[in-house]
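Reading through the structure tokens given below for one structure.
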Amino acid sequence: MNTEIKLSQEFDKKDPLRKFKKEFITNNNEIYLDGNSLGKLPKKSINKVKKVLEKQWGVNLIRSWNDYWLNMVYKTSSKLEKLFNASNNEIIIGESTSVYLYQILSSLLNSKKYNPHFISDNLNFPSDLYIINGICDSINSSSKTIINYKSEIEANIQLLKQTIKDKPGIVTLSLVTFKSSWIYPMKELNEWALKYNSIIVWDLSHAAGAVHIDFKKSKTLTAVGCTYKFLNGGPGSPAYLYIKEGLIKNIKNPISGWFGHSNPFSFLNKFNQAKGIKKFSNGTPSILSITPIETGIDLILKANTKIIEAKSKKQSEFLKSLIHKFLIPLDFKIESPINPLNRGSHISISHPESWRICKSLQNGPLKIILDYRPPKYIRIGISPLYTSFEDLAKTVLKITNIVNKKEYLNYSKEKPRIT
Ligand SMILES: Cc1ncc(COP(=O)(O)O)c(C=O)c1O
């Protein structure tokens, strides 16, 4: 393993993004490989939030809505427009991914522009499937097809295309899937959907900030996604909704909240929906949670998503080679696509003792934080702005030691119940 550690250090020396690590708060003697769940805290976000609390809320009080806060929402949305190569006023932030997904799916359904048929698959995030089911349960005329691929790792693109062709409608997919990190061919599927009178709502939660996304080039019409993973916006930081300009005018927000009114501060009894993406606003935006998002996006913009993606691919290939050499002989399996072109920015592995191995990794002089997903998966998240090659080599080394010495036996099999 010494050779691999040395090699990882060589890679780190040549890493064009190595200077970004110091932009984040880092615990000593800890490796954090869970940025695909909750990104790290950018140092600059601390003062930004402090300023909003102490000066804008503390001193300026309600005047801050006009002086800072309304503008902050638009400024942050426009940073996302830059990140994804969208046009002005095509992105809004403020709700959770689940709420935005509900809004866009319902509005597309109500527009009667598409068959009232939803399509998704078993690789999608459960909340996205719950939202589809919920809409179908409440609107009798709608139906759904949830494709069950044989694999939990890869989508069968031919089957997906055939399903869209046979029964067109409103498709929703996670661009990078939460379990295996499978990535769909975005442009190819958007074009296919268009050809067969369908539309795809992309969930970018596991992709944004780690994968290069260009809405114009990929012909994307609509998307949602969270900001707390690779975008490092903070715990529960609000999500975004993107709708291409030409589509916005033909659809209506199913929620008629006052922030979606054309003139909310006229306090009229009659609801008159705003024009443009603003019509998808609902209520008062959560300023404290929106505040740190901009710093997170700025770092990603500065680093450049093409360079981030290239590093992520190089790192996940390095990690894959270490898994093959050291972990496969110890009863681990790779649960992610083997081809890096089909992978986002994490690798899932499995082992019968995954849970206790994860507990074991969190203890000792070097703590390693990974993501356990029941029943047997460990997700190793690569966040290229702060994950080093050495982090990956040391993680595989520690897992190897834990399994060889059976250190995981010191931990209980019991899992805390999160309610
Ligand atoms: C792919 C994906 N979609 C949706 C969600 C849910 O997002 P929210 O909690 O913002 O509704 C998550 C949460 O982790 C996710 O990973």
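Consider segment 164-175 and keep the residues that are under 11 Å from K144 (Cβ atoms) and open to solvent by less than 30 Å² (accessible area, probe 1.4 Å). The one that is nearest to the ligand (Cβ to nearest atom) is T172. Checked against (1) of a type in the set (A, V, I, L, M, F, W, C); (2) in contact with a Gly (Cβ under 6 Å, 6 or more places away or on another chain); (3) farther than 17 Å from I297 by Cα, L231 meets all criteria but (3). Taken together, P352, P337, P285 contain a single residue that is open to solvent by less than 60 Å² (accessible area, probe 1.4 Å), farther than 30 Å from K51 by Cα and part of a loop (DSSP other than H, G, I, E, B), which is P337.
Restricting attention to segment 252-282, the residues that are outside any loop (DSSP other than H, G, I, E, B), in contact with a helix residue (DSSP H, G or I) (Cβ under 7 Å, 6 or more places away or on another chain) and without any contact (Cβ under 8 Å) to a residue 60 or more places away in the chain add up to 5.
Looking across segment 320-359, the residues that are of a type in the set (S, T, Y) and in contact (Cβ under 8 Å) with a residue 24 or more places away in the chain come down to S336, S345, S348, S350, S354. Of the strands (runs of 3 or more DSSP E) lying entirely inside segment 139-250, none contains at least 3 residues that are touching a His at 6+ places or on another chain (Cβ under 6 Å) and more than 24 Å from A310 (Cβ to Cβ). Please determine whether any residue of segment 20-37 is in contact with a Phe, Trp or Tyr (Cβ under 7 Å, 6 or more places away or on another chain), touching a residue at least 24 places away in the same chain (Cβ under 8 Å) and among the acidic types (D, E). No, every residue in segment 20-37 fails to be in contact with a Phe, Trp or Tyr (Cβ under 7 Å, 6 or more places away or on another chain), touching a residue at least 24 places away in the same chain (Cβ under 8 Å) and among the acidic types (D, E).
Which members of segment 376-390 meet the condition of being touching a residue at least 60 places away in the same chain (Cβ under 8 Å) and surrounded by fewer than 22 Cβ atoms within 10 Å (Cβ to Cβ)? Give the derivation first.
Step one: filter segment 376-390 for residues touching a residue at least 60 places away in the same chain (Cβ under 8 Å), giving 377, 379-390.
If the condition is that a residue be touching a residue at least 60 places away in the same chain (Cβ under 8 Å) and surrounded by fewer than 22 Cβ atoms within 10 Å (Cβ to Cβ), then Y377, S388, E390 are the ones that fit.
Against the conditions (1) part of a helix (DSSP H, G or I); (2) of a type in the set (K, R); (3) open to solvent by less than 60 Å² (accessible area, probe 1.4 Å), K40 satisfies every one except (1).
In the list I131, I139, which residue meets the criterion of being at pLDDT below 95, hydrophobic (A, V, I, L, M, F, W, C) and open to solvent by 10 Å² or more (accessible area, probe 1.4 Å)?
Details: I131 fails: at pLDDT below 95.
I139 is the lone residue from the list that is at pLDDT below 95, hydrophobic (A, V, I, L, M, F, W, C) and open to solvent by 10 Å² or more (accessible area, probe 1.4 Å).
Evaluated against (1) assigned by TED's automatic domain parsing to the domain that holds K314; (2) open to solvent by 40 Å² or more (accessible area, probe 1.4 Å), D12 falls short on exactly one condition, (2). Annotation: S77 fulfils all but one of (1) closer than 27 Å to K217 by Cβ; (2) surrounded by fewer than 20 Cβ atoms within 10 Å (Cβ to Cβ); (3) small (G, A, S); (4) in contact (Cβ under 8 Å) with a residue 60 or more places away in the chain; the unmet one is (2). Please work out if S127 is part of a helix (DSSP H, G or I) and without any contact (Cβ under 8 Å) to a residue 40 or more places away in the chain. Taking the combined requirement at face value, the residue satisfies it. Looking at P285, P254, just one residue is within 16 Å of the ligand (Cβ to nearest atom) and at pLDDT 95 or above, and that residue is P285.
Beta carbons closer than 7 Å, at least 6 apart along the sequence or on distinct chains, pair a first residue in segment 232-248 that is open to solvent by less than 10 Å² (accessible area, probe 1.4 Å) with a second that is of a type in the set (F, W, Y) and within 11 Å of the ligand (Cβ to nearest atom) for S237/Y228; A239/Y100; L241/Y100. Would you check if there is a residue in segment 396-418 being surrounded by fewer than 23 Cβ atoms within 10 Å (Cβ to Cβ) and assigned to a strand (DSSP E or B)? Scanning segment 396-418, I find no residue that is surrounded by fewer than 23 Cβ atoms within 10 Å (Cβ to Cβ) and assigned to a strand (DSSP E or B), so the answer is no.
Looking at S180, is it within 16 Å of the ligand (Cβ to nearest atom), hydroxyl-bearing (S, T, Y) and outside the structural domain of E309 (by TED's automatic domain parsing)? Can you show your working first?
Working: within 16 Å of the ligand (Cβ to nearest atom): yes; hydroxyl-bearing (S, T, Y): yes; outside the structural domain of E309 (by TED's automatic domain parsing): yes.
Spelling it out, S180 is indeed within 16 Å of the ligand (Cβ to nearest atom), hydroxyl-bearing (S, T, Y) and outside the structural domain of E309 (by TED's automatic domain parsing).
For beta carbons closer than 9 Å, sequence separation of 6+ or different chains, a first residue in segment 82-96 that is open to solvent by 20 Å² or more (accessible area, probe 1.4 Å) and a second that is acidic (D, E), the qualifying pairs are N85/D214; S87/E81; S87/E245; N88/E81; N88/E245; N89/E81; N89/E245.
Give N148, N122 a once-over and let me know the one that is within 15 Å of the ligand (Cβ to nearest atom), touching a residue at least 24 places away in the same chain (Cβ under 8 Å) and over 23 Å from I277 (Cα atoms).
On the way: N148 fails: within 15 Å of the ligand (Cβ to nearest atom).
Only one candidate qualifies: N122.
Which of the residues belonging to segment 105-119 are away from the ligand (no atom under 16 Å from the Cβ) and surrounded by 15 or more Cβ atoms within 10 Å (Cβ to Cβ)? Answer for segment 105-119, where residues must be away from the ligand (no atom under 16 Å from the Cβ) and surrounded by 15 or more Cβ atoms within 10 Å (Cβ to Cβ): S107, L108, L109, Y114, N115, P116, H117, I119.
The values are calculated or read from the model by the stated rules, or taken from the named source; none is laboratory data. None of these values were measured; they are calculated from a predicted model. A quick note on method: Cβ atoms are made from the backbone with ideal geometry, for glycine too, and the neighbour counts reach across all protein chains shown. SASA here: full protein model, heavy atoms, side chains in, ligands and nucleic acids out. Shrake-Rupley method; radii C 1.70, N 1.55, O 1.52, S 1.80 Å.
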